[in-house]
Structure formats: C-alpha cells, structure tokens
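Peer 1: Quick one: the structure is below, questions incoming.
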Amino acid sequence: MTKRQPIKAGITLGQVVAAAFAVLDRGGLDKLSTRAIAADLGVSMNTVMWHIRTKARLLDLLAEAIFVEVDVDGLPSRWDERVAELHQRLRVAMLGHRDGARVVAGTFVNGPGTLGVTERVVDALLEGCPTRRTAVWTSWSLFYFTLGLVQEEQAAAEIDLSGTYQVPEEFPVLNSVLDEFRSVDFDNRFRFGLEQILRSAPVLEAP
C-alpha cells in the first residue's frame, strides 16, 4: 500500500518564511499568525502548519533568516574591529524587519546562518581574550547588549520617548540626566557600548 503524501498546495518553506516576513513587516510580531500567513499565500492554515509545525519553529526560522542576512565577508583584520563590525551588521539585519530583535530574542537556533556569525565572533574573541571562557562569555554580553538596544531602538520608532520617562521630583539625580535617558542617538550609544565591552575583554578574565 502506497503511503499517502501530505498536500502542500505547491508552496515551499521558503515561501512561507517570506510571507511571514511580509506579515511581520506590516503589522509587527503581535500580528504574526498562521492565519495571516495563509491569507497572504492564498492557502489553508493547515498547509502553513504542515511546513512550520509550531509557532516556536516559525520564530526559529525567521531568526535564522535574519542571521543569514549578516554578511560575514570583508571583515577588518583586527579582532576587536571584526567583532564590532559583525555586531553592527547583525543590528542592521534585525532593524531590517519590524520587531526583528523581538523575533530573535528567546530563540535557540543552530542553523548555518546563526552558527556562521557566531563562529566568526568567537574566533575573533579567542584572539583578544585571555581565556576561552572569557571569549564565550564576552560573546554573550555582546549579543545581549545588541539585542536589547535594537529592541529599544525599534520600540522608539513607534512611540514618543519624550513622554515615556517621567520621573517624580524626589529623584533629583535621575531628573538631572533625564535627557540622556531619552536619547535616541542609537548609533553612538551602540558604538559606545560595544567599545566598553571590547575594551574590558582582554583584561577582565571570566571567573
């Protein structure tokens, strides 16, 4: 007896991922659903689910696709400049999709795109850090910093930060620096944060 094959309606996983990005870029992560993806493709929800299996796997696929967009060629020769450039390219890739940082956050991806970027980051850090543990832990610090800043940067694009931070008068120190908390100079904040972490990497050994 011949085993019956599932009906895929002639679409590919790549088309599902592309449609998911289209939905994401229009409405953000909160509007991303199998129903919306199916509507974009003109297929049933079951067809979409056949390809992605779960919502969690869909997010993994989107996160991997974002990492694939990171160009790992033509990097600087100095280890710290390579690391900084790779994270700048990752930032650009996440910013290229609405809620891109939210998509990547919380995923656990081991696809070739994600692993390729991570391989180059760790390889560069092993050049500049005193121990292997320091290199790996520094890679986590850099990733978390990049992820967090891009999430704030993408959120700031949709809200007015001038009304976001309101501090009561009984906190005079915070009020004195309130303009800096409201700063949307994300380019310089990003470069400053990377430099802070990378300057400590060769001298602060992980326990």
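The values are calculated or read from the model by the stated rules, or taken from the named source; none is laboratory data. Nothing here was measured: the structure is a model prediction, and the numbers come from that model. Backbone-built Cβ (ideal geometry, glycine too); neighbour counts: all protein chains shown. Just so you know, the surface numbers come from the protein's heavy atoms only, side chains and all, with ligands and any DNA or RNA stripped out. Shrake-Rupley method; radii C 1.70, N 1.55, O 1.52, S 1.80 Å.
Peer 1: Using just the alpha carbons, could you tell me how many Å³ per residue the convex hull of the chain encloses?
Peer 2: Residue-normalised Cα hull volume stands at 178 Å³.
Peer 1: Starting from 0.36 nm per residue, how many nanometres of slack lie between Ser44 and Leu95 once their C-alpha separation is accounted for?
Peer 2: Length gained between Ser44 and Leu95: 15.3 nm.
Peer 1: Next question, about the same structure. Using the Kirkwood formula over every pair of different C-alpha atoms, what hydrodynamic radius in Å results for the range 24-131?
Peer 2: 15.3
Peer 1: Next up: When N counts the residues of the range 116-161, how does its alpha-carbon radius of gyration compare numerically with 2.2 N^0.38 Å, as a ratio?
Peer 2: Here the answer is 1.51, to two decimals.
Peer 1: Note down the accessible area of Ile11, probe 1.4 Å, to the nearest 10 Å².
Peer 2: The value for Ile11 is about 20 Å².
Peer 1: With the contact rule set at Cα under 8 Å and sequence spacing of 6 or more, what percent relative contact order holds for the range 100-156?
Peer 2: Computed value for the range 100-156: 45 percent relative contact order.
Peer 1: Could you please tell me the mean projected area of the C-alpha convex hull for the range 69-174, averaged over all directions and given in square nanometres to one decimal?
Peer 2: Result: a mean projected hull area of 9.2 nm².
Peer 1: Roughly what angle does helix 13-27 make with the longest principal axis of the chain, taking Cα atoms, 0 to 90 degrees, to the nearest 10?
Peer 2: That works out to roughly 60 degrees.
Peer 1: Label points 7 Å out from Cα along the Cβ direction at Gln15 and Ala155: separation in nm?
Peer 2: Computed distance between label sites Gln15 and Ala155 equals 3.8 nm.
Peer 1: Follow-up. Check each of the chymotrypsin sites (Phe, Trp or Tyr not before Pro) in the range 123-207 and keep only those in coil by DSSP with at most 15 other C-beta atoms within 10 angstrom; list them in order.
Peer 2: Hits after loop and neighbour filter: Tyr165.
Peer 1: Please go through the range 1-95 and write out the GluC sites (Glu not before Pro) that DSSP classes as loop and that have at most 13 other C-beta atoms within 10 Å.
Peer 2: Counting only loop positions with at most 13 other Cβ atoms within 10 Å, none of the GluC sites (Glu not before Pro) in the range 1-95 qualifies.
Peer 1: Suppose a student asked you for the relative contact order of the range 1-106, using Cα pairs under 8 Å spaced at least 6 residues apart; what percent would you report?
Peer 2: Result for the range 1-106 is 29 percent.
Peer 1: List the relative contact order of the chain as a percent without decimals, with contacts defined as Cα pairs under 8 Å and 6+ residues apart.
Peer 2: Value for the chain: 19 percent.
Peer 1: Next question, about the same structure. Solvent-accessible area per residue for the chain at a 1.4 Å probe radius, Å²?
Peer 2: 59
Peer 1: Hey, another quick one. Between the DSSP loop rule and a limit of at most 16 other Cβ atoms within 10 Å, which trypsin sites (Lys or Arg not before Pro) in the range 47-133 are left?
Peer 2: Those satisfying the criteria are Arg53, Arg78.
Peer 1: Further, regarding this structure: How large a share of the accessible area of the range 139-207, in percent, is made up of carbon and sulfur atoms when the probe is 1.4 Å and the other protein chains stay in place?
Peer 2: Carbon-and-sulfur percentage of accessible area, whole number: 58.
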